[in-house]
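J.: This is the structure, below, for whatever I ask next.
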Amino acid sequence: MAREITGFSNPLVKRVRSLREKKFRKAEGLFLAEGLRILTEAREEGVLPEMLFHAGSTHPLAADLIAAMEAAGGDVIETTPDILAKISGKDNPQAVVGVYRDRLTPLAKLDRTKADIWIVAQSLRDPGNLGTILRTGDAVGAGGLILIDDCVDPFSVESVRASMGALFTQSITQARWGEFMHWLREGPGELIGTSLKATHDYQEPRYQSPSFLLVGNEAQGLPESYEAQCDLLVKMPMLGKADSLNAAVACAVMAYELLNQKRAK
């Protein structure tokens, strides 16, 4: 049954609002997602929120979400636009806000054979880049995103928003470098890094499956010790004055090269 909350001091409002901070997300294992598009993408993947907040939206997609939640016995809360704004931290909040259980997949449970392409990101700092990389992974049919070392939180409001729903189609794993390399070398998989020091053009090699595409930190790229452990290092031609591409853009270029080669087989 739906319930109504109209008071800013309601404990549930305070609790959900706290999920905008990483320490509370980690403590509760929950995160926020906003907007009909993202929540509908999640529902189409079979994922419903644990709680759904709305402000009386009459949009058909909102009605579908509410009906699905009620059919599943979920917690539906009708509230005011001002309280939605408090929860989301935005002056013009989305029509719906969902509270979801975090979606981390342990490294040991990844099935590397389920996809030809995997994306591995090391020490990413920008939530927009992380969300964009998730969208790229979804677009090329990647198995998921493996976050190495200290990356930005994939469940921050900014990362979730930038993913445009891809957070619910891609598995997400967190690991330290040594742990990842040990797992990778226990089975098939070619680790491909991009580096300005590489001698091979990114279109020269014939990539193997599964391919693990390694993306480095936005400012510093990959550590030399990590580059040394890649099976292949490649570079993209830079014909202008810029010496490198944005991390998410470089990831997309490489991911589509992997996809095109696999489509051609």
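The values are calculated or read from the model by the stated rules, or taken from the named source; none is laboratory data. Just so you know, these numbers come straight off a predicted model, no measurement behind them. Don't worry about glycine lacking a Cβ; one is built from the backbone with ideal geometry, like all the others, and counts go over all protein chains shown. Side chains are part of the model used for accessible areas, which takes the heavy atoms of the whole protein and leaves out ligands, DNA and RNA. Shrake-Rupley method; radii C 1.70, N 1.55, O 1.52, S 1.80 Å.
J.: Please go through the range 197-220 and pick out each residue that is within 26 Å of the chain's Cα centre (by Cα) and open to solvent by 30 Å² or more (accessible area, probe 1.4 Å). Step through it out loud before you land on a result.
T.: Going residue by residue through the range 197-220, those that are within 26 Å of the chain's Cα centre (by Cα) are 202, 207-220.
Correct list: Tyr202, Gln208, Ser209, Glu218, Ala219, Gln220.
J.: A follow-up question, please. Could you list, in sequence order, the residues of the range 55-67 that are outside any loop (DSSP other than H, G, I, E, B) and over 24 Å from the mean Cα position of the chain (by Cα)?
T.: Of everything in the range 55-67, those that are outside any loop (DSSP other than H, G, I, E, B) and over 24 Å from the mean Cα position of the chain (by Cα) turn out to be Pro60, Ala63, Asp64, Ile66, Ala67.
J.: Can you list the helices (runs of 4 or more DSSP H) found entirely within the range 164-265 that contain at least 2 residues being closer than 15 Å to Leu145 by Cβ?
T.: Working: elements: 177-184, 224-227, 247-264.
Here the list reads 177-184, 247-264.
J.: Now a separate question. Would you confirm, using the coordinates I've provided, whether Ile172 is at pLDDT 95 or above and either surrounded by fewer than 20 Cβ atoms within 10 Å (Cβ to Cβ) or in contact with a Gly (Cβ under 8 Å, 6 or more places away or on another chain) (or both)? Please lay out each step first, then the result.
T.: Details: at pLDDT 95 or above: yes; either surrounded by fewer than 20 Cβ atoms within 10 Å (Cβ to Cβ) or in contact with a Gly (Cβ under 8 Å, 6 or more places away or on another chain) (or both): yes.
When the stated conditions are applied, Ile172 passes them.
J.: Cβ-Cβ distance below 6 Å, separation of 6 or more or different chains: which pairs start in the range 44-55 with a residue that is closer than 12 Å to Ala68 by Cα and end on one that is open to solvent by less than 30 Å² (accessible area, probe 1.4 Å) and among the aromatic types (Phe, Trp, Tyr)?
T.: Matching pairs, first to second residue: Val47/Phe168; Pro49/Tyr100.
J.: Can I ask one more? Does Ala115 qualify as being in the same structural domain as Thr173 (by the TED database) and either surrounded by fewer than 17 Cβ atoms within 10 Å (Cβ to Cβ) or closer than 26 Å to Gly131 by Cα (or both)? Reasoning before the result, please.
T.: Details: in the same structural domain as Thr173 (by the TED database): yes; either surrounded by fewer than 17 Cβ atoms within 10 Å (Cβ to Cβ) or closer than 26 Å to Gly131 by Cα (or both): yes.
For Ala115, the condition - in the same structural domain as Thr173 (by the TED database) and either surrounded by fewer than 17 Cβ atoms within 10 Å (Cβ to Cβ) or closer than 26 Å to Gly131 by Cα (or both) - is met.
J.: Does Asp102 satisfy the criteria of being among the charged types (D, E, K, R) and out of contact with any strand residue (DSSP E or B) (no Cβ under 9 Å at 6 or more places or on another chain)? Write out each step before concluding.
T.: Working: among the charged types (D, E, K, R): yes; out of contact with any strand residue (DSSP E or B) (no Cβ under 9 Å at 6 or more places or on another chain): no.
Answer is no for this residue.
J.: Among the residues of the range 25-53, which ones are in a helix (DSSP H, G or I) and over 19 Å from Ile172 (Cα atoms)?
T.: Applying the first criterion (in a helix (DSSP H, G or I)) to the range 25-53 yields 25-28, 36-44.
Once the filter is applied, which keeps residues that are in a helix (DSSP H, G or I) and over 19 Å from Ile172 (Cα atoms), the range 25-53 yields Leu36, Arg37, Thr40.
J.: A further question follows. Taking the conditions exactly as written (more than 18 Å from the chain's Cα centre (by Cα), among the small types (Gly, Ala, Ser) and crowded, with 19+ Cβ neighbours inside 10 Å), does Ser123 satisfy them or not? Show your work before the answer.
T.: On the way: more than 18 Å from the chain's Cα centre (by Cα): no; among the small types (Gly, Ala, Ser): yes; crowded, with 19+ Cβ neighbours inside 10 Å: yes.
Against the criterion (more than 18 Å from the chain's Cα centre (by Cα), among the small types (Gly, Ala, Ser) and crowded, with 19+ Cβ neighbours inside 10 Å), Ser123 does not qualify.
J.: Looking for something more than 15 Å from Ala95 (Cβ to Cβ), open to solvent by 30 Å² or more (accessible area, probe 1.4 Å) and touching an Asp or Glu at 6+ places or on another chain (Cβ under 8 Å) - is there at least one such residue anywhere in the range 33-44?
T.: So far as the range 33-44 goes, no, none of its residues is more than 15 Å from Ala95 (Cβ to Cβ), open to solvent by 30 Å² or more (accessible area, probe 1.4 Å) and touching an Asp or Glu at 6+ places or on another chain (Cβ under 8 Å).
J.: Of everything in the range 74-106 that's crowded, with 20+ Cβ neighbours inside 10 Å and in a helix (DSSP H, G or I), which residue is nearest to the chain's Cα centre (by Cα)?
T.: Looking at the filtered set, the residue picked out is Ser88.
J.: Taking the condition part of a loop (DSSP other than H, G, I, E, B) and open to solvent by 10 Å² or more (accessible area, probe 1.4 Å), does Asp138 pass?
T.: Details: part of a loop (DSSP other than H, G, I, E, B): no; open to solvent by 10 Å² or more (accessible area, probe 1.4 Å): yes.
When the stated conditions are applied, Asp138 does not pass them.
J.: Just checking, does the range 54-64 include any residue being of a type outside the set (S, T, N, Q), under 20 Å from Val160 (Cβ atoms) and open to solvent by less than 20 Å² (accessible area, probe 1.4 Å)?
T.: Checking the range 54-64: at least one residue is of a type outside the set (S, T, N, Q), under 20 Å from Val160 (Cβ atoms) and open to solvent by less than 20 Å² (accessible area, probe 1.4 Å).
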